Amino acid sequence: MSAEDGARANAHGQPVGPALPGWSPRPHPPRAALQGRLCRIVPLDPERHAADLYAALGADPARWTYLPAEPPASEAAYRDRLAGIAASSDPLHHAILDAAGERALGLAAYLRIEPAHGVIEVGHIHFGPDLSGRAAGTEAMALMMARAFDGLGYRRYEWKCDSLNAPSRAAALRYGFTFEGIFRNAIVTKGRSRDTAWFSVTDAEWPRLRAAFAAWLDPENFDAAGCQRRTLHALRGA
């Protein structure tokens, strides 16, 4: 193992990973809002958000294919489901609202939260049409990543999805995650086998991604029709 790999030798001459002087477990993510220019992220509140989320997400069964649950039968059933997940601290579910905080557009959560190791995952992502493929959806993911790295000091930020979920895999790469491989026969979901694709961002990679998100989200990066002038990929390269 080369010096470039960050390895060092222990007293037995064996290679070990780099030391982390002063390391301490990271805080658990707070139940607190994140405000962006295009969206607002808040702890999930079933009473406030169920109607909007049902309108945005409940009617299209194709949006539920790769999620663990089936589409809800009614708004009332969906509200009951949200009440169950809103009480959880891991996953810690959030509603993504419009910038004024008036309408819920989608969901995302922190999960598999490991403060001792500084590892956290973003998942249970369920975007409605006003987030999917929109700048507000990108801003939401940038805000959640920034909280994990800048606000809480995590070392590793993960994204996992069904290996057959092409849109999710493309989104992970667009946001700057590195593909790490496929866990075969990882879980059984909805009566079928799922291989899971793993992606991650590390704290060493985050500054470059942070700068690219900021440059991409800058209003100057969009023309009068709202089309991007430079892509996230190009800005990361720059």
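The values are calculated or read from the model by the stated rules, or taken from the named source; none is laboratory data. Note that the coordinates shown come from a computational prediction; the quantities given were computed from them, not determined experimentally. Every residue, glycine as well, gets a Cβ built from its backbone with ideal geometry; the counts of neighbours run over all protein chains shown.
Would you mind finding the one in ARG63, ARG81 that is modelled with pLDDT under 95, closer than 22 Å to ARG192 by Cβ and not aromatic (Phe, Trp, Tyr)? Step through it out loud before you land on a result.
Details: ARG81 fails: modelled with pLDDT under 95.
Only one candidate qualifies: ARG63.
Results for (1) more than 19 Å from HIS93 (Cα to Cα); (2) within 12 Å of the chain's Cα centre (by Cα), shown as yes or no for each residue.
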| residue | (1), (2) |
| --- | --- |
| PHE127 | no, yes |
| GLY137 | no, yes |
| LEU152 | no, no |
| TYR157 | no, yes |
| GLU180 | yes, no |
| GLU205 | yes, no |
| TRP216 | yes, no |
| ALA224 | yes, no |
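Where residues in segment 56-91 are within 22 Å of the chain's Cα centre (by Cα), of a type in the set (A, V, I, L, M) and not in a loop (DSSP other than H, G, I, E, B), which of them is surrounded by the most Cβ atoms within 10 Å (Cβ to Cβ)?
ALA56
Quickly run through segment 181-197 and pick out the residues that are under 14 Å from TYR66 (Cβ atoms) and either in contact with an Asp or Glu (Cβ under 7 Å, 6 or more places away or on another chain) or surrounded by 11 or more Cβ atoms within 10 Å (Cβ to Cβ) (or both).
Within segment 181-197, ALA186, ILE187, THR189, LYS190, ARG194, ASP195, THR196, ALA197 meet the criteria.
Within segment 139-238, considering only helices (runs of 4 or more DSSP H) that don't extend past its boundaries, which have at least 1 residues that are modelled with pLDDT of 95 or more and within 30 Å of GLY22 (Cα to Cα)? Lay out the reasoning, then the answer.
Values: elements: 166-174, 206-217, 232-237.
Correct list: 206-217.
Being closer than 26 Å to LYS160 by Cβ and in a helix (DSSP H, G or I) is the requirement here; does HIS28 meet it? Let's see the steps before the verdict.
Values: closer than 26 Å to LYS160 by Cβ: yes; in a helix (DSSP H, G or I): no.
It is false that HIS28 is closer than 26 Å to LYS160 by Cβ and in a helix (DSSP H, G or I).
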